[in-house]
1. Could you list, in sequence order, the residues of segment 165-197 that are closer than 22 Å to GLY81 by Cβ, among the aliphatic types (A, V, I, L, M) and in a helix (DSSP H, G or I)?
2. Consider only pairs whose beta carbons are under 8 Å apart and that are at least six residues apart or on different chains; among these, list those whose first residue lies in segment 545-573 and is on the phi > 0 side of the Ramachandran plot and whose second residue is open to solvent by less than 20 Å² (accessible area, probe 1.4 Å) and of a type in the set (Gly, Ala, Ser).
3. Collect the residues in segment 316-348 that are aliphatic (A, V, I, L, M) and surrounded by fewer than 22 Cβ atoms within 10 Å (Cβ to Cβ), keeping them in residue-number order.
4. So which of LEU293, LEU283, LEU309 ends up being surrounded by fewer than 20 Cβ atoms within 10 Å (Cβ to Cβ) and free of Cβ contacts under 8 Å to residues at least 60 places away in the same chain?
5. Could you check segment 91-164 for helices (runs of 4 or more DSSP H) lying wholly inside it with 2 or more residues that are among the polar types (S, T, N, Q)?
6. In the list GLN510, GLN547, which residue meets the criterion of being farther than 30 Å from ILE440 by Cβ and not in a loop (DSSP other than H, G, I, E, B)?
7. Checking the structure you have, find out if any residue of segment 578-590 is farther than 20 Å from ASN497 by Cβ and open to solvent by less than 60 Å² (accessible area, probe 1.4 Å).
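The values are calculated or read from the model by the stated rules, or taken from the named source; none is laboratory data. These figures come from a predicted structure and were not determined experimentally. Note: ideal-geometry Cβ built from the backbone for every residue, glycine included; neighbour counts use all protein chains shown. Note: accessible area is taken over every heavy atom of the protein model, side chains too, but ligands, DNA and RNA are not part of it. Shrake-Rupley method; radii C 1.70, N 1.55, O 1.52, S 1.80 Å.
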Amino acid sequence: MRWVLLATLLLQGLLQSIFFPLSALVSREPLVHIDAPYHAYQMEVARQLCSERELQGWDPYFGAGQPAGVVGNASAKLQAGLACADGRPTSVWPLYKASSFALGVIAPAALVVACMLLGLSLRSTVFVAVLAVLMWWTGGLRWYHAAGLVSYVAMAYLVIPFTIAAAQLAMLPRTGVALGLGLLAALGFWLHPLFPVAAVLLGLPLLLASWPEWRRPVWGVMALVGVAALMLALNAAWVLPTVGEKTGISNGLQYQAGVQVGLPFWEMLGRAGTAGGGTRLALALAIGAVLLLVLPRVAHRRVLVGLMLGAFALMTWASVGGLVSGIARLQPNRFSMLAWLVLVLPAAVGLDAALAQWRDASRARRWVLGLMLGGAAVVVAFFVRETVREFALPAGHARYGVAPPEVKGDGAILRSLTTFLQEQTDRSGRVLFENSLARIHDGAHIAGLLALRGDRELIGGAYPGVDVANAWDDVAFGQPLASFSPTALVERLDAYNVRWILCHRDTCRQAMSRLPGVAKVADLGPVTAFKRAAVPGWVAEGVARVQARCHNRLELDGVQGDRVVLRYHWVPGLRSLEGGEVKPVDLVPGARPFVAIDHPPSRVTLRRGTGDGLPCERRAAPAL
């Protein structure tokens, strides 16, 4: 069994190295594809906060100031922790790429570990290893990983052996095992916040199926409660502040929350309208699962049926979970690929049992088993071919992920927008950047890179849809751009001190062209740049000058007046180091409150957290 585990790791490592050559892993060249730049930005924020010994802080680069750190970092906390521990700005991209490579190598092997926990036969384990690798390279999981959902894919593979081990703990409680599983659960929760959801949906049916084998039910329940308690306790540093923060999606924008009763059927045909799109390899998994149910004398049937019930629960959640608003916010559609992944183990055992029983079966049964095994073999062979094509097809052909190598550096749009920000803008005002759900900017969410490379504050990012002070696809400040009158839009741009606008949609271009004092200044590929003749400045009331700003810090001098109101958002815990009373004040309906400082001294430093922090000029500059 161990050689199967080692062979899986070696094979997956070899395949991953084609997409991530060593030279690309250790270089500072960025991975600019879908969510990867956004996660790299989150890593840089974490690195800056860690230089101040803070886990959470305040980000002035986006949303006119919004919570930053572990609270807003749902799925890159592992990578952020690595950046925090390293501390060097030049290590952010190498660490992100290394984590993508390493988690991709480990993931399929997790199902082999699940086989070892169950004590499956060698042939079943080999079948599981093959299917696990094919699932990684030829379906929605491959797309998710290439899209930057690295932690979610790793969590999907790792939650399966964890849940099996948890069920075994319930059947035979042991203190050491409970402690180890609690630590593993804490790591899984840190890796991705949907880990407990996946574990519960998969685990409850498995626990019910194994109930007759529980030796000491009370102690078993207590052991599971202890595992959950340790998981929550070790993640309290981000769970507790997250509960109290004002977060969420503005304007009703939700991801992967579509309702499709027939989702399993469409995913088996590869025709689902979900982000991952499903996998036709599920046809072979369905054949194997049916064989497991109908054949006699199948080893481990009870626990494997429990896994099938867990897969059914996950698929139900994925199909119709969007009907419930609370579940819809958890992106239920993505759980469908986890459901198919869970089915790998029962399917492999079912196929193994059919092979074992084929020789001694009656003639009629042999024909049926032969047809089912042949059908499964054809599907698996097709996806072996698909895996080869994932590597061998020339660039430009359709793939489940991206063409190798995965690291390709900056695209033309990113370079042109960065040059524009550096050469034709300054720090007198913000830039309204119209994000794109379709990722027309080089196929990626690049707002974080633009903000740090250009040293500009953006309204629009770091991800579409989050917070009211944002902009994406004909939407700005929490409502459609077309719904603003010119006067109302000017007032909103003034409220946020917006001087430059970068539009990629016609509605945005038309809205800006109608405004007085706004002129088109450049065409940057699909993006049109506009500039306002004048802006009101960073101070809404009183007098002050912004001397410096960086993550979790705003330095003001020349402050005058008994009250100063800034065009920056207030967040809980924001304070002045030199004195004065920092208060929230409402300026824009529906948005976060803005910062007011009563009785300020002539110099003010705003930051979130204890202590004096680290001045901007003493920090290592970002290197994204």
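1. LEU179, LEU181, LEU183, LEU184, ALA185, ALA186, LEU187, LEU191, VAL197
2. ASN552/GLY57; ASN552/ALA68
3. VAL320, LEU323, VAL324, ILE327, ALA328, LEU330
4. LEU293
5. Because the criterion is at least 2 residues that are among the polar types (S, T, N, Q), the helices (runs of 4 or more DSSP H) in segment 91-164 that meet it are 92-118, 122-137.
6. GLN547
7. Scanning segment 578-590 turns up at least one residue that is farther than 20 Å from ASN497 by Cβ and open to solvent by less than 60 Å² (accessible area, probe 1.4 Å).
Residue-wise test of (1) over 30 Å from the mean Cα position of the chain (by Cα); (2) at pLDDT 95 or above; (3) among the acidic types (Asp, Glu); (4) over 30 Å from VAL290 (Cβ atoms).
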| residue | (1), (2), (3), (4) |
| --- | --- |
| MET372 | yes, yes, no, no |
| ARG385 | no, yes, no, no |
| ALA392 | no, no, no, yes |
| VAL402 | no, no, no, yes |
